[in-house]
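Here is the structure we will look at, set down as structure tokens.
All of the numbers you see were taken from the coordinates with simple rules; none came from a lab. None of the values given here were measured: they were computed from a predicted structure. All Cβ positions, glycine included, derive from the backbone under ideal geometry; neighbour counts span all protein chains shown.
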Amino acid sequence: RSVADAQLAVVALETGEIRRLGIAGTSPQFMFPGFLVYATQQQALFAVPFDLEHLAVTGAPVPVLERVVVKGGGSAEVALSPNGTLAYLSSSALSRLVYVDRRGAAISVRDELRDYASPRFSPDGQSLAGEIGGPPGIDLWVWRNGTAPLARLTFADDNIRPVWSPDGRRSAFSSTRHARRALYAIAADGSSDPE
């Protein structure tokens, strides 16, 4: 099983009994007067009303923060103090997409600050594929020749690590579609659905 399958649960120390809470998440922490704060793989922090005496969820989760660092193993970079103060490491490191030529000159590809990652040039060097993160997930985009606007290729879940086909017509990538991470391919011009 992967971290994406993680479910919150409580364990009775005396008996070892495990009670699942029916909530997907990681790194739970109890916060007085009665909330369970936890992270999701989408780098968000939620709070859910929690009855400590009966060890049960008593309401619906509500979002607390976005862009919280959640490491690959599911651990969230979050600390709660007894008085309810929250400290966290933000993953909102927005950046500018640039490339550097062989002389060392940095040339801006996109001036807009976004959560860019995994840029990959096409085999002919005329297009650039990459990830842009942001609610509700991470999507793949393609930039062509510096003249066309960014073209979005994916529209759901987390889609990461694009790799061009040798002819530059398709891109393979990893995605969490259908609740499991798997490999997919899509036409680089966005003319087909992921397969």
What FRET efficiency, computed as 1/(1 + (r/R0)^6) with R0 = 30 Å and r the Cβ-Cβ distance, is obtained for Ser75 and Val11, rounded to the nearest 0.05?
-> 0.95
Order by protection proxy (mean Cβ within 10 Å, highest first), peptides 115-122, 154-161 = 154-161, 115-122
Taking the simple approach of a point 7 Å from Cα along Cα-to-Cβ for both Glu66 and Glu195, what is their distance in nm?
-> 3.4 nm
What is the extension gain from Ala172 to Arg152, computed as 0.36 nm multiplied by their sequence separation minus the C-alpha to C-alpha distance, in nm to one decimal?
-> 5.7 nm
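Do any trypsin sites (Lys or Arg not before Pro) in the range 134-195 lie in a loop, going by DSSP, with at most 10 other beta-carbon atoms within 10 Å of their beta carbon, and if so which?
Here the sparse-neighbourhood loop sites are Arg180.
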For a paramagnetic label modelled at 7 Å from the Cα of His54 toward its Cβ, which residues of the range 21-36 fall within the zone defined by backbone nitrogen distances under 16 Å?
-> 21-22, 34-36
Computed FRET efficiency, Cβ-Cβ of Ile107 and Ala182, R0 35 Å: what is it to the nearest 0.05?
-> 0.50
By the scheme Lys and Arg +1, Asp and Glu -1, what is the net charge of all other residues having a beta-carbon under 10 Å from that of Tyr116?
-> 0
Lys and Arg at +1, Asp and Glu at -1: neighbours of Val78 with Cβ under 13 Å from its Cβ sum to 0
